[in-house]
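Just so you know, all these numbers are worked out from the coordinates, no wet-lab data involved. This structure is a prediction, so every number in the text was calculated from the model and none was measured. A quick note on method: Cβ atoms are made from the backbone with ideal geometry, for glycine too, and the neighbour counts reach across all protein chains shown.
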């Protein structure tokens, strides 16, 4: 007997933290605001920007000083994690009216499997509209939704009409849709990989589809096999309600190779800020700090150090990865990628400190 076609919804709140702040404070409504660190001092980063701020080019994970340069009237708001967590629980309760197969990706984003729904509605489209309506009427917030037969396509669909958007990509239209999609719109294709594809004449899904799986693996490593499948709309990953976080990390590939500690240290500090804030978002502390380094010849190494107790302390993370980096720089090198991650988690911290919580919204 054939398996039923899955019905997957991806819900993504619109500028979640900024929208909550605008909802709760009338003075912020209609104005460009950024939730995150202040541009004064060291290490301030934008967690989420309102859509009014995005018109100026302000984006998540952008240094706050740069955001202020782009938008001189930008209002910086300190994050209220306890409030965002409470609102997230209210959103999750709305999801549970329809299904218990919910895979949260963060406080403001989740996959729902409604192949079989609690209320016997039978239509993923109808359920997605009902969820968006409930969020709007009960919480005075907006969410965008994508509906399809798998997680990958549903996630792309949710981003098509943001904010307050909806898109359905049915089974018969998936391949044609993916062929027209620009490579930078593929979830999992970053800025540097997209440029590498374009240098090879790959601009759309149709261009990507011309390459064999072997060619993609040769050019893009193990993710090449993933690209081969998703450009054909193939994704059999289940919605995982109890997915366990194994590690928390961040990495960046640089347009120009870095060759000195003076160039690399600020990048490591920035990545450490992102990792610390993701740890706090998931209420995690890690014992093992890992540095990832990719050299200009694409050689990849990792170096790890295990601390005596789990931590989410920013200064400790930064000093540890810097020490690991010094061991790599014993001879002249050129580095194109740096990454920082924590793993080997202990018990969640008893209290959650305010920090920056990065989202893709």
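Quick one: grab the alpha carbon gyration tensor of the chain, order the square roots of its eigenvalues as a ≥ b ≥ c, and give me rounded if a/c is under 1.5, else prolate or oblate depending on whether a/b is larger than b/c. Walk me through the intermediate numbers first.
Working: a/c = 1.59, a/b = 1.18, b/c = 1.35.
Oblate.
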Once you have the alpha carbon radius of gyration of the range 99-234, what is it after dividing by 2.2 N^0.38 Å, with N set to its residue count?
-> 1.17
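Taking square-rooted eigenvalues a ≥ b ≥ c of the alpha carbon gyration tensor, is the range 174-230 rounded, prolate or oblate, where a/c under 1.5 means rounded and, failing that, a/b exceeding b/c means prolate?
rounded
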What is the extension gain from residue 300 to residue 59, computed as 0.36 nm multiplied by their sequence separation minus the C-alpha to C-alpha distance, in nm to one decimal?
-> 83.8 nm
How large is the helix-only mean residue ellipticity at 222 nm for the chain, computed as the sum of -39500 (n - 2.57) over DSSP H runs with n ≥ 4, divided by its residue count, in deg cm²/dmol to the nearest 500?
-> -11000 deg cm²/dmol
Does anything in the range 221-250 have its amide N under 17 Å from the 7 Å Cα→Cβ label point of residue 213, and if so which residues?
-> 221-237
The range 221-310 shape via C-alpha gyration tensor axes, a/c threshold 1.5 | oblate
